[in-house]
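See below for the structure under consideration.
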Amino acid sequence: MEYNLKSRNIELNGEIKEYTERKIKSRIEKLAGSVIKTEIEFILEKNPSINLNNKIIVTIFTPKAVIRATEYGVDFFEAIDKVNHKIERQIKRYRNKMIQKGRKVPQTIPAEAANQQESFEDLKKIVKTKKFEIKPMTPEEASLQMELIGHDFYVFVNADTGKTAVLYKRRDENYGLIEPQN
């Protein structure tokens, strides 16, 4: 398994690297047998108004899926602990879905991890479907519509490109725009 540590706005010391390997890398190796690559990115937010300014992003590449978790903490040790729990749940959910779909799951998983899997009924389900008419509009018009309906995202056809796009509200209260590449 390839294992990469990245950092932005901070120089990682040996203590953080060792703690990360002990908490995250060893846990991933135990739970997910067919991991191709794991990337862990440490980001120190320099904005003084952000209380939880230590951000960690863990991305796990498997043959059939990409599992990603992001967490924030007062320090990196707290963020590592939080993201570790989130990654464990996501790996168990992924394994459970593969089992339910009848796909092979690697047999390198210890028995105790297999016993801790969430049942399929505990997973999130689609409980409501909405259909609506999508009208061409500019991203600025879409942001106004999104504010009027009070949602965190808005799906529309971009009048400039003619493609379906998603406008969403970011944590910093600005907007993000997702558009297809081709």
Item to check | Any pair with Cβ under 6 angstrom, 6 or more apart, that starts in region 159-182 at a residue that is within 18 Å of THR70 (Cβ to Cβ) and among the charged types (D, E, K, R) and ends at one that is at pLDDT below 90 and not in a strand (DSSP E or B) | outcome: LYS169/ASP152
Checklist outcome for this item: Going through region 129-146 in order, the residues found to be under 26 Å from the mean Cα position of the chain (by Cα) and basic (Lys, Arg) are LYS130
Checklist outcome for this item: Within region 33-56, residues of a type in the set (Ser, Thr, Tyr) and touching a strand residue (DSSP E or B) at 6+ places or on another chain (Cβ under 7 Å) come out as THR38
Checklist entry - Within region 153-182, restricting attention to residues that are charged (D, E, K, R) and over 18 Å from the mean Cα position of the chain (by Cα), which residue is nearest to MET137 (Cα to Cα)? => result ASP160
Checklist entry - For GLU78, are the conditions met, namely being modelled with pLDDT of 85 or more, farther than 28 Å from GLU173 by Cβ and surrounded by 12 or more Cβ atoms within 10 Å (Cβ to Cβ)? => result no
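Does GLU39 satisfy the criteria of being exposed (fewer than 14 other Cβ atoms within 10 Å of the Cβ) and assigned by TED's automatic domain parsing to the domain that holds ILE67?
Values: exposed (fewer than 14 other Cβ atoms within 10 Å of the Cβ): no; assigned by TED's automatic domain parsing to the domain that holds ILE67: yes.
When the stated conditions are applied, GLU39 does not pass them.
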Checklist outcome for this item: Exactly one of LYS46, LYS6 is exposed (fewer than 13 other Cβ atoms within 10 Å of the Cβ), on the phi < 0 side of the Ramachandran plot and touching an Asp or Glu at 6+ places or on another chain (Cβ under 7 Å), and that one is LYS6
Checklist entry - Across region 58-81, what is the total count of residues that are under 13 Å from the mean Cα position of the chain (by Cα), within 19 Å of LEU5 (Cα to Cα) and not β-branched (Val, Ile, Thr)? => result 5
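The values are calculated or read from the model by the stated rules, or taken from the named source; none is laboratory data. Predicted model only: the values in this text are computed from it and were never measured. Neighbour counts are summed over all protein chains in view; Cβ atoms, including those assigned to glycine, are modelled from backbone coordinates with ideal geometry.
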